[in-house]
1. With a cut-off of at least 3 residues that are modelled with pLDDT of 95 or more and within 30 Å of Phe131 (Cα to Cα), name the helices (runs of 4 or more DSSP H) lying wholly within the stretch 1-119.
2. Find all pairs meeting these conditions: Cβ atoms under 6 angstrom apart; at least six residues apart or on different chains; first residue within the stretch 112-131 and at negative phi and in contact (Cβ under 8 Å) with a residue 24 or more places away in the chain; second residue assigned to a loop (DSSP other than H, G, I, E, B) and among the basic types (Lys, Arg).
3. Where the second residue is buried (at least 20 other Cβ atoms within 10 Å of the Cβ) and polar (S, T, N, Q) and the first is without any contact (Cβ under 8 Å) to a residue 60 or more places away in the chain and more than 21 Å from Glu125 (Cβ to Cβ) and lies in the stretch 1-30, which pairs have Cβ atoms under 7 Å and are six or more apart or on separate chains?
4. Which ones in the stretch 8-31 are touching a Lys or Arg at 6+ places or on another chain (Cβ under 8 Å) and either more than 13 Å from His55 (Cα to Cα) or among the β-branched types (Val, Ile, Thr) (or both)?
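The values are calculated or read from the model by the stated rules, or taken from the named source; none is laboratory data. None of these values were measured; they are calculated from a predicted model. Backbone-built Cβ (ideal geometry, glycine too); neighbour counts: all protein chains shown.
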Amino acid sequence: MLNILLIEDSGVFREVEVALLNKIKNSVITVAVNYKESLLKIEHGDFDLILCDYHLPDGNGLDILDFVRQNKIKGKNNMIVPFIMVTGNNDMDIVKECITRGVNDYLVKPIQAVKFLKKCCLLLEVPQPKF
């Protein structure tokens, strides 16, 4: 099984992203809708991939990324869990900051389904599903 954590506060984007992630064979999707809930799930879960919205009602994705990297949260094959930042903000300073702090990839909303799945499958090291 592939355990994926999606951290997204927007119901519309969450619904679309969950539907896309469910196309990945043998995936189990766990959802968190805010900073506090995401930290609890990360501490008590075992995830192969984390996708996180940049803006959350009680924090931001960089703080979650820092938590994951500082605590060396492990995923598949005992490697540091891959982390994709998903946001509506295409500000290059934020992109650079995410890269500096150790994000594996960055997607700008509205997401493109094929690109979204391609990046997820690449980090999960699984074949990309066909539409």
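1. Qualifying helices (runs of 4 or more DSSP H): 11-21.
2. Pro129/Lys23
3. Ile7/Ser38
4. Of everything in the stretch 8-31, those that are touching a Lys or Arg at 6+ places or on another chain (Cβ under 8 Å) and either more than 13 Å from His55 (Cα to Cα) or among the β-branched types (Val, Ile, Thr) (or both) turn out to be Thr30, Val31.
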